[in-house]
Amino acid sequence: MVREFHYPAAERLIIRYGDRQGLRTLDALQLAVALEVQDRVGVDALVAADKVFCAVATLEGFAVLNPEHP
């Protein structure tokens, strides 16, 4: 669930990766939620096919499974 505190985290991700990597707003919000879940309970891997999202998630320390590239 997206909460108010996810928006500033998403903004920080956009500032960090928007220009360099092309991270989009909704992807940043999704990643902000994933980071919070990672901190709270842990995440084994993220599943995504978007190349930019996968690249940024990897930079943020996530293992990423891309179903388009098994």
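The values are calculated or read from the model by the stated rules, or taken from the named source; none is laboratory data. No experiment lies behind these values; they were computed from the predicted model shown. When we count neighbours, we look across all protein chains shown, and the Cβ atoms used for this are built from the backbone with ideal geometry, even at glycine.
What tally of residues in the range 11-35 results from selecting those that are at negative phi and either more than 10 Å from the chain's Cα centre (by Cα) or assigned to a loop (DSSP other than H, G, I, E, B) (or both)?
We begin by selecting, within the range 11-35, every residue at negative phi; these are 11-21, 23-35.
Narrowing further to those that are either more than 10 Å from the chain's Cα centre (by Cα) or assigned to a loop (DSSP other than H, G, I, E, B) (or both): 11-12, 14-21, 23-25.
Residues in the range 11-35 being at negative phi and either more than 10 Å from the chain's Cα centre (by Cα) or assigned to a loop (DSSP other than H, G, I, E, B) (or both): 13 in total.
Looking at the range 30-47, which of the residues that are among the β-branched types (Val, Ile, Thr) and touching a residue at least 12 places away in the same chain (Cβ under 8 Å) is surrounded by the fewest Cβ atoms within 10 Å (Cβ to Cβ)? Walk me through it before giving the result.
First pass over the range 30-47, keeping only residues among the β-branched types (Val, Ile, Thr): 33, 37, 41, 43, 47.
From what is left, the residues that are touching a residue at least 12 places away in the same chain (Cβ under 8 Å) are 33, 43, 47.
Working: Val33: 16, Val43: 15, Val47: 9.
Per the stated criteria, the residue is Val47.
Which residues, counting only those in the range 44-70, are aliphatic (A, V, I, L, M) and either within 15 Å of Ile14 (Cα to Cα) or at pLDDT below 95 (or both)? Break it down into steps so the answer makes sense when it comes.
Within the range 44-70, the subset aliphatic (A, V, I, L, M) is 45-49, 52, 55-57, 59, 63-65.
Passing the criteria: Val52, Ala55, Val56, Ala57, Leu59.
Tell me which of these Glu4 doesn't satisfy, since it passes every other one: (1) touching a helix residue (DSSP H, G or I) at 6+ places or on another chain (Cβ under 9 Å); (2) part of a loop (DSSP other than H, G, I, E, B); (3) at pLDDT 95 or above.
Answer for Glu4: the failing condition is (1).
Just checking, how many residues over the range 51-62 are within 11 Å of the chain's Cα centre (by Cα) and either assigned to a loop (DSSP other than H, G, I, E, B) or without any contact (Cβ under 8 Å) to a residue 24 or more places away in the chain (or both)?
Within the range 51-62, the subset within 11 Å of the chain's Cα centre (by Cα) is 52-62.
If we keep only those that are either assigned to a loop (DSSP other than H, G, I, E, B) or without any contact (Cβ under 8 Å) to a residue 24 or more places away in the chain (or both) too, we end up with 54, 58, 60-62.
Of the residues in the range 51-62, 5 are within 11 Å of the chain's Cα centre (by Cα) and either assigned to a loop (DSSP other than H, G, I, E, B) or without any contact (Cβ under 8 Å) to a residue 24 or more places away in the chain (or both).
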